[in-house]
Structures are given as structure tokens and as C-alpha cells.
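In what follows, a structure is listed as C-alpha cells, so that the remarks can point back to it.
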Amino acid sequence: MQTPLVSILIPFKNTENYITNCLTSIIRQSYSHWELLIVDDHSTDNSFDIVEKFASEDHRIKLLKNSGSGIIDALRLAFHHSKGDFITRMDSDDVMRPNKIAVLAENLMAYGKQHVALGKVHYFAENGIKAGYKSYELWLNALTKKGSNYSEIYKECVIPSPCWMVHREDLIACEAFYPNIYPEDYDLAFRFYKYNFKCIPCDAVLHDWRDYSDRTSRTHEHYAENHFIAIKLKYFLELDYQKDKTLVVWGAGNKGKTIAKKLTALNIPFEWICDNPKKIGKDIYGTVLKPFRFLEDIENPQSIISVANKDEQKVILEYMNQLKLKAIEDYVFFC
């Protein structure tokens, strides 16, 4: 049986409490033909020493020091030194299920190039997982099971950042890790989408995703909500915005206002609707808000929906179905 070399890329910084479990889970993989490029991003704890010991005992582990700063520079460095036919990423505070690399590699071999192999994820934490993370896990896994990840790409990151695998040539083709765009995992998901890489359906939980209070995605400014809106809008305007349609912004909360402000700055015309009677009729950033039923008077709309409430989203979705409007083509949820 063909066994392509799999390159695993890991940036790490101050994860001494978790990195032993991470590396042990990689060494115990049922698929053994892998190399690990693991990059120290200026750790100040004992992380480097721990990894150095593992590297001295297993020639497949290559320890590097980040010559730049941050996750993107570390990933670039790891990829530059990699030799694998297949490329995957891992986080230094997480744990692989024993069959993770095998399942991802086998799926990628079966489907071929211009595909992304994915697996389901499981969040865990010492003090239990908060409702928001559990909701994200369930939502993400439902998409991964069907391989329909891109269908809701403007909501949140639809590719689990530490649980994907692609052909080396495909990663080069989409210029992954080379733009300095954060959050880098969401940018990568959009690049897979832009280059039309198909998501391979997977119903297996392959990755245990650790949550804790000082995890980078919780604390770093690059992962703040305003960056999510910026990257969503960037790719929407590049990939799915149709100038022959009338752009409509739904919602006048913080997200809606941020979107409207950015569109105004870009001189992109739009209608603005909401269901808040206190805001309907008001002029904000030069646009007068209208009631959401105004959508029915627009002949060819394309909506950006910023409404975050799940129940209200269901009502909006039913309304869109009544109007026979299609996801992505006629509307996207930015929430």
C-alpha cells in the first residue's frame, strides 16, 4: 500500500503543560510515515527543552526556532523545511486520536488533489466546555460529516484549524501561510474555498481540541471579532459579491454597523434593514434604515445578515426560503 510522507506543522509558545501529551499522541499514530516540523515561537517556559528531548529520541521530529514572530512566520518556516507529499497542521496544546493521520491520509489518497481531508473535533477542558464552544463543535462537525463546510463559510471558520490535510502542491497553489492575514486559520479556509478545493466528508472524531483561559484564540487581538468581520467582508467582496444585485445589510447592532461603516468607506452602495423600531428611519453613516420587509420591494437583492440570535436566524432563513432566495448567491450570514 502506498504510504505518502505526511508533514505535520506545529508552532508552539509556552505550552509546557500540554506539549508532552501532544507529542505523545503523534508518536502513537497508527500511520507512522510522518515527519514533524515543530517551531518554537520564542517560548519563555520549558516548552523548548521538552520538545528537544522528544526530538533527540525520534528522528522524525525536527525542532526549529522561529526567526520571525507569530504563528504565520512559524508556519512558513515549518513548511519551508517540510518534505511531505501531504501537509497537515497541529496545535501544541491539543491531542490527536490514534487514527487521525491514517484517516486523513487515506481519504486524501482516495479523493486526490484539490481536496481537503477533514475530521470531526471534540472540545475538552479541565473545568468543562462553555456552551458557545460546544455549539461551535456541533455546528462544525455537522458540516464536516457532509463535506458541506463552505455552505456557511461566512458565519465562522468552517475548517477546523488543527484537523485538515491537503496535497503539498495544493497548499502551494493557494499560497497558504504567505499573506500576513489573521486569523490565519480562517484565511486558509477562505483560500481553500477560493481555489475550489472540495471538502471530503468525514464522520470520525479525529482530534481533541483543548480549551483554556489563556489559549491564543481567546487572548490575542488578531482573533477579536472585528478581525473576523474584516476577513469575511474581504473575501465576500472578492468571491461572492454580485454587482448586478442590490446589496442589503441586515441588522443594526455592532456587527451591522461595522459592516455598514466599512461598505460606506469603500463607496459600495447598499440598503440597510432591521426590525428595531427605534432604529428604523434613522440615518446612520449616510444610509437610512428601513424595515426588513423592504427586502420584498427589491427586485434582485443580495443580503449580508449580521443578526446573531439563533432563533431570529431561523426566522430569517424561513423568510428567505419563502422568497426562494439561495444561500451564498442571494444571502450570507455574517455571524
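The values are calculated or read from the model by the stated rules, or taken from the named source; none is laboratory data. Worth saying up front: this structure is predicted, and the values here are computed from it rather than measured. Every residue, glycine as well, gets a Cβ built from its backbone with ideal geometry; the counts of neighbours run over all protein chains shown.
One residue is enough: does the stretch 134-143 have a residue meeting the conditions over 25 Å from residue 93 (Cα atoms) and touching a strand residue (DSSP E or B) at 6+ places or on another chain (Cβ under 7 Å)? No, the conditions are met nowhere in the stretch 134-143. Listed conditions (1) among the small types (Gly, Ala, Ser); (2) part of a strand (DSSP E or B); (3) free of Cβ contacts under 8 Å to residues at least 24 places away in the same chain are all met by residue 117, apart from (3). Counting residues in the stretch 319-327 that are part of a strand (DSSP E or B), within 33 Å of the chain's Cα centre (by Cα) and surrounded by 13 or more Cβ atoms within 10 Å (Cβ to Cβ) gives one or more. Among the residues of the stretch 83-106, the one identified as hydroxyl-bearing (Ser, Thr, Tyr) and over 24 Å from residue 200 (Cα atoms) is 92.
Please indicate, with yes or no, whether at least one residue in the stretch 23-30 is assigned by TED's automatic domain parsing to the domain that holds residue 170 and either in contact with a Ser or Thr (Cβ under 7 Å, 6 or more places away or on another chain) or over 30 Å from residue 114 (Cα atoms) (or both). Yes. Considering the stretch 95-114, and only residues there that are in a helix (DSSP H, G or I) and among the β-branched types (Val, Ile, Thr), the residue that is surrounded by the most Cβ atoms within 10 Å (Cβ to Cβ) turns out to be 101. Among the residues making up the stretch 283-310, a single one is part of a helix (DSSP H, G or I) and under 24 Å from the mean Cα position of the chain (by Cα): 310. Apart from one condition, residue 45 fits all of (1) among the charged types (D, E, K, R); (2) part of a loop (DSSP other than H, G, I, E, B); (3) closer than 18 Å to residue 26 by Cβ; the exception is (3). Taken across the stretch 300-310, residues that are modelled with pLDDT of 95 or more and among the charged types (D, E, K, R) do not occur at all.
Restricting attention to the stretch 137-162, the residues being free of Cβ contacts under 8 Å to residues at least 24 places away in the same chain and either basic (Lys, Arg) or surrounded by fewer than 17 Cβ atoms within 10 Å (Cβ to Cβ) (or both) number 3.
Looking across the stretch 207-246 at every residue that is touching a His at 6+ places or on another chain (Cβ under 9 Å) and surrounded by 14 or more Cβ atoms within 10 Å (Cβ to Cβ), the one that is modelled with the lowest pLDDT is identified as 216. Quick one: in the stretch 154-210, of everything that is assigned to a loop (DSSP other than H, G, I, E, B) and among the β-branched types (Val, Ile, Thr), which residue is farthest from residue 82 (Cα to Cα)? Ranking the candidates gives 158 first. Filtering the stretch 81-120 to residues that are within 19 Å of the chain's Cα centre (by Cα) and among the hydrophobic types (A, V, I, L, M, F, W, C) leaves 87, 90, 95, 96, 104, 116, 117, 118. Annotation: residue 253 fulfils all but one of (1) surrounded by fewer than 16 Cβ atoms within 10 Å (Cβ to Cβ); (2) modelled with pLDDT of 95 or more; the unmet one is (2). Look at the stretch 18-37: where a residue is in a helix (DSSP H, G or I) and a partner is surrounded by 17 or more Cβ atoms within 10 Å (Cβ to Cβ) and among the basic types (Lys, Arg), sitting 6+ places away or on another chain with Cβ atoms under 8 Å, you get 25/97. Condition (residue is assigned to a helix (DSSP H, G or I), basic (Lys, Arg) and either at pLDDT below 95 or in the same structural domain as residue 30 (by TED's automatic domain parsing) (or both)) applied to the stretch 64-84: is it met by at least one residue? Looking for residues that are assigned to a helix (DSSP H, G or I), basic (Lys, Arg) and either at pLDDT below 95 or in the same structural domain as residue 30 (by TED's automatic domain parsing) (or both), one finds at least one in the stretch 64-84, hence yes.
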